[in-house]
Amino acid sequence: MITGYDPVSRTLTTGIGNLIDLLRLPDTLVPPDNPLNVHKRQRAHFKFQRKMEKKGWEKEIPVELKLEVQGINFHIRGRLDLLLESDGNLSILEVKTIPIKPDFEDPVDSRIRHVLQLCFYAKALASERHIPPESIRTSLVYLEMKTKTPERYDFPVEVFGIEVEEAWLRHLEGIADYLNEEDSRKREQVSSLENASFPYGSFRSGQKEMIDDVRSTIIDQTCLMIQAPTGTGKTAAVLFGALRETLPRRLTLFFLTAKNTHKQIVDETLRLIISGGLQLRAIFITARGKVCLRGRSSCLPDDCPFAAEFGKKIRESGVVHNLLNLRVIGPNSLVEMSKSASVCPFELQLILSTRCDVVTCDYNYVFDPHVYLKRFFLEKSTSSLCSLLIDEAANLPSRARDYYSPEIRLSWVEQLLADHQCPKYRRKLLEPWEEAFREWNDLLKQNSGQEYELPPDTELSLHIERWMNHYIELKDAPEELRLLFRSILDFSKISDSYDSRFHLLFRAEENDSVLQWFCTDPSEFLRERLQACHSSVAFSATLTPFDHFRYLLGFPDEQEFRYRRISYPFPLENLGVWIDSSIDTRYKSRALSVTLLVEKLRNIYSSMPGTWLVFFPSYAYIDLFREFLEEDSLPLMIQTPGMTNEERISFISQIESGSHLVLTVSGGIFAEGIDLRSDTLRGAVIVGPSLPGMNLRLKLLSESFSIRNRDGFLHTWAIPGIVRVIQAAGRLIRNEEQRRAIILIGKRFTRYPYIGLLPEHWFSDGSIRLLSSGLDDVIAFMK
């Protein structure tokens with residue numbers, strides 16, 4: 001991504017800061033001081049300018065410079081800090097703040113970024129005013145921030161001398177070379193588009209429609225929602241359609257998915273597209289903790305050899321060039337080559353992402369206000385060059401609620417207070433929180449340990465100024481303090497202006513207590529990001545009712561967005577769906593009906609041996625059956641809470657390797673986003689409509705829908721419950737030959753609103769068959 005570059009006129013229009021940063025990598029990842037000190041530095045910078053203004057200097061003078069280098073037209077803009085005109089001569093001061101006294105003698109050797117910036121101001125001024133260079137005096141002024149009154153250090157710089165002139169020209173030539181190379185790559189890329197073939201040869205039903213819709217959406221810079229059943233080939237269709245329009249427009253295509261299994265599908269699809277002739281670069285962004293060469297979950301650059309001399313190591317190793325040549329950059333290659341070059345993999349992948357055509361990552365790198373990729377989404381000028389493909393978009397609203405629901409944990413406060421070196425000033429800030437948590441925990445006991453809501457005007461010990469003054473003095477704050485300070489800032493933004501979307505909740509967790517501003521409706525935050533981007537496509541097997549998800553996702557009104565419902569792509573006669581309404585699966589009736597359901601599962605497995613997936617609404621419901629079924633020596637496989645990634649992989653491998661009765665949870669890790677390759681798979685039994693449990697958060701969510709004149713029960717419980725049912729059933733059929741059965745257990749499936757939310761292709765001749773007695777219909781179908 002190159003913002004400000006017009007390939008038609010071959011003109012780069014940019015600010016001097018962006019120009020300098022375009023190719024120059026950071027010398028080190030170790031910050032000189034606390035990043036939050038920026039406010040303090042800005043105040044010192046402004047105060048110095050005001051002081052010099054009283055002595056006759058002008059401040060913040062806008063200048064621009066136009067020149068041509070190696071066929072590239074540069075149009076550079078900037079504002080010089082201070083200018084003094086005296087006796088026909090001009091003096092320029094460029095002011096910088098530093099944490100300690102300068103440890104260098106010549107900024108040309110050690111602060112070349114600052115020198116290049118000063119050089120630009122002098123050249124622009126000489127060009128605009130048509131004055132000889134020798135009449136301009138230039139100096140860098142460094143203000144040492146260690147003392148209460150910043151100490152001033154002046155460094156005169158000969159910006160028109162040979163050394164600086166060569167550095168300036170080298171930098172422009174390097175950028176021109178890069179732009180020329182990128183122009184050449186893009187021409188070849190667009191040319192390869194003409195002969196690029198769909199990665200899977202033939203099209204499945206609905207894929208051509210998806211491709212055309214995605215292309216139109218990007219052309220018109222709008223939004224699109226696609227609902228397509230599992231097995232339709234959504235990933236290949238939306239990727240192929242999007243690339244045909246994003247590549248000629250030089251847009252960065254973001255494929256957003258929360259599932260590692262989906263990332264694997266994207267990886268396979270991209271490699272097939274590339275092997276089909278399309279020239280492409282793609283990268284998979286991986287969480288910092290998963291690629292850290294020191295095995296850390298949080299970054300400590302002061303104590304990391306992979307942060308030091310970062311820019312130098314990258315230039316000397318050629319690691320950027322080597323990784324880009326791979327075409328598809330995955331975490332394994334990234335870590336291996338980063339280790340060889342002795343640089344931080346996480347920071348390296350962020351640099352590489354700006355030179356790739358496709359970026360695959362989690363939702364949070366676009367929508368989370370704390371971790372979004374600022375180089376893409378901080379400013380409209382860059383986000384407008386991004387097109388989004390949002391996979392399994394039905395899951396984004398719940399993730400977004402987490403992003404915008406900040407919390408403060410008692411464990412953070414206690415760990416900081418337990419530190420014997422905790423400063424007295426910090427203790428004074430922490431102790432009111434410890435006392436408040438004590439009071440809230442007493443209230444929790446009175447509420448039988450159930451999460452409860454505090455009044456929105458509850459007095460909280462925020463003291464932003466005091467926290468800010470304390471935190472900005474720290475260079476390397478403890479992890480608990482970083483988390484607490486971030487939440488303090490978030491809490492202050494919400495507390496300062498009452499917002500009915502937020503509710504102050506208190507709950508207990510294992511060995512901890514949590515205070516949280518719970519956000520019931522993050523749609524406006526999502527809308528702001530979507531509007532800033534070029535175009536967006538949300539797709540899933542479960543995006544109906546469209547109006548429900550349109551609102552939750554922050555998509556525009558119906559007149560401003562498009563939607564497409566793709567029909568079921570496989571033979572309808574290969575999918576049998578039945579409802580057994582003889583069993584009451586409601587919470588109050590579960591204990592009474594457990595023996596009926598146990599007998600039903602026994603009969604299903606004994607009469608139709610093979611693998612059956614049985615989806616329950618909760619782990620507690622599974623536990624009701626475990627004892628009964630284990631007595632029968634059935635080949636049970638039971639999902640347990642908190643399975644590790646290795647345990648999940650092993651669980652899936654077992655499912656695929658034999659005949660089992662698999663007890664799992666609707667809406668869980670095995671109910672969505674996995675592709676089961678089992679020849680013995682017979683079908684799925686779905687116990688109840690999988691409604692989310694009743695709790696305070698869902699009650700508040702329901703109320704928020706009611707405030708907007710929507711049916712709270714429908715939007716909070718019924719739709720999410722049936723979404724889980726549809727996702728669970730989506731594990732069954734992935735091709736035209738497979739024949740599977742779905743048995744829905746429970747009376748509620750025969751009633752509204754549930755039956756009206758089930759997929760159309762589940763209805764045979766306008767209805768779903770009932771299991772009146774026995775399993776004869778199902779057995780005959782399976783044969």
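Among residues of region 273-301 that are closer than 26 Å to Ser184 by Cα, those with a beta-carbon under 6 Å from a residue that is exposed (fewer than 13 other Cβ atoms within 10 Å of the Cβ) at least six positions away or on a different chain give the pairs Gly277/Asn195; Gln279/Glu188. In the set Glu379, Glu407, Glu347, only one residue is in contact with a Leu (Cβ under 7 Å, 6 or more places away or on another chain), open to solvent by 30 Å² or more (accessible area, probe 1.4 Å) and farther than 22 Å from Arg466 by Cα; that residue is Glu347. Here the strands (runs of 3 or more DSSP E) wholly within region 215-299 that include at least 3 residues being in contact with a helix residue (DSSP H, G or I) (Cβ under 9 Å, 6 or more places away or on another chain), more than 21 Å from Ala394 (Cα to Cα) and modelled with pLDDT of 95 or more are 282-284.
Figure legend. Inter-residue proximity from region 700-712: first residues within 12 Å of His548 (Cα to Cα), second residues assigned to a helix (DSSP H, G or I) and of a type in the set (Ser, Thr, Tyr), beta-carbon distance below 6 Å, spacing 6+ or different chains. Indicated pairs: Gly712/Ser702; Gly712/Ser706. Against the conditions (1) open to solvent by 30 Å² or more (accessible area, probe 1.4 Å); (2) part of a helix (DSSP H, G or I); (3) of a type in the set (S, T, N, Q), Thr640 satisfies every one except (2).
In region 524-557, the qualifying residues are those that are among the charged types (D, E, K, R), touching a helix residue (DSSP H, G or I) at 6+ places or on another chain (Cβ under 9 Å) and part of a helix (DSSP H, G or I), and the one that is nearest to Glu245 (Cα to Cα) is Arg529. For the residues Ser666, Ser704, the requirement of being open to solvent by less than 30 Å² (accessible area, probe 1.4 Å) and touching an Asp or Glu at 6+ places or on another chain (Cβ under 7 Å) singles out Ser704. If you go through region 593-610 one residue at a time, do you hit one that is in a strand (DSSP E or B), modelled with pLDDT of 90 or more and open to solvent by less than 80 Å² (accessible area, probe 1.4 Å)? Checking region 593-610: not a single residue is in a strand (DSSP E or B), modelled with pLDDT of 90 or more and open to solvent by less than 80 Å² (accessible area, probe 1.4 Å). Against the criterion of being farther than 30 Å from Thr222 by Cα, at pLDDT 95 or above, buried (at least 20 other Cβ atoms within 10 Å of the Cβ) and in contact with a Ser or Thr (Cβ under 7 Å, 6 or more places away or on another chain), Leu388 does not qualify. Right, Glu128: charged (D, E, K, R), farther than 17 Å from Leu84 by Cβ and modelled with pLDDT under 95 or not? Against the criterion (charged (D, E, K, R), farther than 17 Å from Leu84 by Cβ and modelled with pLDDT under 95), Glu128 does not qualify. State whether the residues of region 733-752 include one that is open to solvent by 10 Å² or more (accessible area, probe 1.4 Å), over 19 Å from Val614 (Cβ atoms) and in contact with a Pro (Cβ under 7 Å, 6 or more places away or on another chain). Scanning region 733-752 turns up at least one residue that is open to solvent by 10 Å² or more (accessible area, probe 1.4 Å), over 19 Å from Val614 (Cβ atoms) and in contact with a Pro (Cβ under 7 Å, 6 or more places away or on another chain). Residue selection: Leu253 fails the criterion of being on the phi < 0 side of the Ramachandran plot and open to solvent by 50 Å² or more (accessible area, probe 1.4 Å).
For (1) of a type in the set (Lys, Arg); (2) loosely packed, with under 15 Cβ neighbours inside 10 Å; (3) part of a loop (DSSP other than H, G, I, E, B), each residue gets a yes or a no:
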{"position": "Glu128", "(1), (2), (3)": "no, yes, no"}
{"position": "Thr147", "(1), (2), (3)": "no, yes, yes"}
{"position": "Asp154", "(1), (2), (3)": "no, yes, no"}
{"position": "Val159", "(1), (2), (3)": "no, no, yes"}
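Output the residues belonging to region 350-372 that are within 16 Å of the chain's Cα centre (by Cα), over 20 Å from Ser523 (Cβ atoms) and open to solvent by less than 10 Å² (accessible area, probe 1.4 Å). Selection gives Ser353, Val358, Val359, Thr360, Cys361. No other residue among Glu68, Glu64, Glu60, Glu94 is part of a strand (DSSP E or B) and at positive phi apart from Glu60. Of all the criteria given as (1) in a helix (DSSP H, G or I); (2) modelled with pLDDT under 95; (3) of a type in the set (Lys, Arg), the one not satisfied by Arg204 is (1). Among the residues making up region 79-101, those that are surrounded by 14 or more Cβ atoms within 10 Å (Cβ to Cβ) and either of a type in the set (Val, Ile, Thr) or modelled with pLDDT under 85 (or both) are Ile92, Val95, Thr97, Ile98, Pro99.
The values are calculated or read from the model by the stated rules, or taken from the named source; none is laboratory data. Every value quoted in this text rests on a predicted model; they were computed, and no experiment measured them. Cβ sites come from the backbone with ideal geometry, for glycine too, and all protein chains shown count toward neighbours. We work out accessible area using only protein heavy atoms, side chains counted, and drop any ligands, DNA or RNA first. Shrake-Rupley method; radii C 1.70, N 1.55, O 1.52, S 1.80 Å.
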